[in-house]
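Worksheet: the structure to be examined is printed underneath.
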Amino acid sequence: MIFLSIGLPSRFAEWCDGMICALLQAAGERFEAVGANTLEEIALALINSPAPRLVIGARQPTDELRGALDRAGTRFVMALDDPHAAFGNLVTRHRFDWKEAVRAVAGSCVAMMRYAAMPGALVLRADREGKDPLGTVTAIARWLDLAVAPAEIEALVQQQSDPGGFAEPDGDDCWQEAISAADRAVVDGALNGYVDYFRGAGLGQMLWARDLFLVGDTPDLSATETIDVAGPVRNLLFGPYLTLPPGEWAATVVLAVSKLAADISYGVEILSGAACLCLGRGTIQPRGEGVCEATVEFTIAEATEQPIALRVANLRFAFGGRLALAHVAVSPRVKPRPYIPAELTAALGL
């Protein structure tokens with residue numbers, strides 16, 4: 001039997017994992033705790049584990065797993081938190097590179113958006129249930145049908161009364177001291193749209209900074225400096241390989257070009273997955289040196305492969321010049337409702 005704890009990679013989610021384990025131990029159950037995000041990973045864990053119970057911690061659960069849970073009506077615990085807290089946990093406690101932490105948290109946010117609405121989810125929020133440890137652990141026990149006496153639950157909570165260790169001096173806010181102010185701005189730009197969503201304000205704009213992109217001629221180099229355009233048609237920059245939820249999107253690519261680089265056009269492509277399937281394309285035609293931009297609209301369907309990347313290329317041979325990426329603003333695109341004037345509605349008999 002499996003017990004699923006799904007959530008953003010924050011301390012609160014890890015606390016929920018631990019409390020499920022503690023409840024099983026109090027119930028006299030033999031178990032093993034593992035991390036898994038796919039049906040295949042869970043199946044392998046079941047095969048390889050000698051324990052009759054498994055506690056699965058999932059931070060980027062797949063759509064295939066979601067479908068299986070929905071069909072089976074499986075109950076699970078879902079731990080939601082501020083995406084910045086998840087980022088801080090990965091950087092300060094798990095020693096992730098900060099750019100990889102951004103990608104991991106973005107991917108986890110998209111997964112949580114799809115799982116939170118499932119009927120089998122016991123949705124717990126760090127800023128709400130995290131302030132009531134006893135009530136939260138009691139709710140977990142009831143939801144997962146774990147027969148643990150109230151006195152035992154109270155004893156478990158007293159052993160670890162601070163969900164996720166939020167009050168510790170080396171808490172998740174320390175990530176702000178671990179990276180520069182400029183890098184913090186990059187993190188905010190990539191994650192603030194999800195912060196808006198989990199606060200109930202709807203999905204906001206993502207601002208992908210040039211730090212998350214790579215140079216086409218030297219793929220191990222971040223596109224933080226100017227790029228030499230001189231040479232044949234080629235990819236000048238690409239990235240950031242971040243996950244986006246399904247929906248209608250618009251990406252505005254902002255470049256700055258030198259005088260020589262303003263004489264040619266630049267192609268922009270939005271790509272998905274390892275196969276780099278094109279979701280949309282556009283052209284940037286500078287009108288002179290300085291800032292230029294183009295907006296590309298694209299659609300992400302449920303079956304669209306992730307992550308999403310963007311590619312900028314010169315469209316003909318360039319004799320010289322330099323280019324710099326300012327940023328890419330990615331925003332949900334709301335389709336206007338179709339409107340038919342009243343007189344036409346009457347004339348059509350609608």
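The values are calculated or read from the model by the stated rules, or taken from the named source; none is laboratory data. If you're wondering where the values come from, they're calculated on a predicted model, not measured in any experiment. FYI the Cβ positions are ideal-geometry reconstructions off the backbone, even for glycines, and counts take in every protein chain you see.
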Item checked: Residues of the stretch 83-102 classified as in contact (Cβ under 8 Å) with a residue 60 or more places away in the chain, surrounded by fewer than 20 Cβ atoms within 10 Å (Cβ to Cβ) and outside any loop (DSSP other than H, G, I, E, B), total -> 2
Checklist line | Single unsatisfied condition, Asp220 versus (1) of a type in the set (D, E, K, R); (2) over 26 Å from Ala301 (Cβ atoms); (3) at pLDDT 95 or above | finding: (3)
Item checked: Among the residues listed as Thr295, Thr243, Thr283, Thr299, the single one being in contact (Cβ under 8 Å) with a residue 60 or more places away in the chain, among the polar types (S, T, N, Q), outside the structural domain of Met112 (by TED's automatic domain parsing) and under 30 Å from Gly204 (Cα atoms) -> Thr243
Check: Do any residues in the stretch 119-135 that are under 18 Å from Arg75 (Cβ atoms) have Cβ atoms under 7 Å from those of residues that are small (Gly, Ala, Ser) and outside any loop (DSSP other than H, G, I, E, B), where the two are at least six apart or on different chains, and which pairs are they?
Finding: Leu122/Ala139; Leu124/Ala79
Checklist line | Out of Ala22, Ala43, Ala13, sole residue that is assigned to a helix (DSSP H, G or I), more than 30 Å from Asp127 (Cβ to Cβ) and of a type in the set (A, V, I, L, M, F, W, C) | finding: Ala43
Check: When you look at Val187, is it more than 23 Å from the chain's Cα centre (by Cα), crowded, with 16+ Cβ neighbours inside 10 Å and either closer than 22 Å to Asn89 by Cβ or free of Cβ contacts under 8 Å to residues at least 24 places away in the same chain (or both), yes or no?
Finding: no
Checklist line | Scope the stretch 25-40; condition in contact with a helix residue (DSSP H, G or I) (Cβ under 6 Å, 6 or more places away or on another chain) and assigned to a strand (DSSP E or B); matching residues | finding: Phe31, Ala33, Val34
Note to self: Every residue in the stretch 7-28 that is without any contact (Cβ under 8 Å) to a residue 40 or more places away in the chain and either among the basic types (Lys, Arg) or in contact with a strand residue (DSSP E or B) (Cβ under 6 Å, 6 or more places away or on another chain) (or both), please.
What the structure shows: Cys21
Checklist line | Members of the stretch 58-94 found to be over 17 Å from the mean Cα position of the chain (by Cα) and under 19 Å from Cys21 (Cβ atoms), listed by number | finding: Thr74, Arg75, Phe76, Val77, Arg93, His94
Check: Looking at Ala274, is it farther than 19 Å from Phe317 by Cβ and out of contact with any strand residue (DSSP E or B) (no Cβ under 7 Å at 6 or more places or on another chain)?
Finding: yes
Checklist line | Scan of the stretch 16-42 for residues that are of a type in the set (A, V, I, L, M, F, W, C) and more than 23 Å from the chain's Cα centre (by Cα), ordered by number | finding: Met19, Ile20, Cys21, Ala22, Leu23, Leu24, Ala26, Ala27, Phe31, Ala33
Checklist line | Candidates Leu80, Leu156, Leu122 - the one that is at pLDDT 95 or above and over 23 Å from Gly202 (Cβ atoms) | finding: Leu122
Margin query: Suppose the filter is surrounded by fewer than 16 Cβ atoms within 10 Å (Cβ to Cβ) and either in contact with a helix residue (DSSP H, G or I) (Cβ under 6 Å, 6 or more places away or on another chain) or at pLDDT below 95 (or both); does Gly57 pass it?
Written below: no
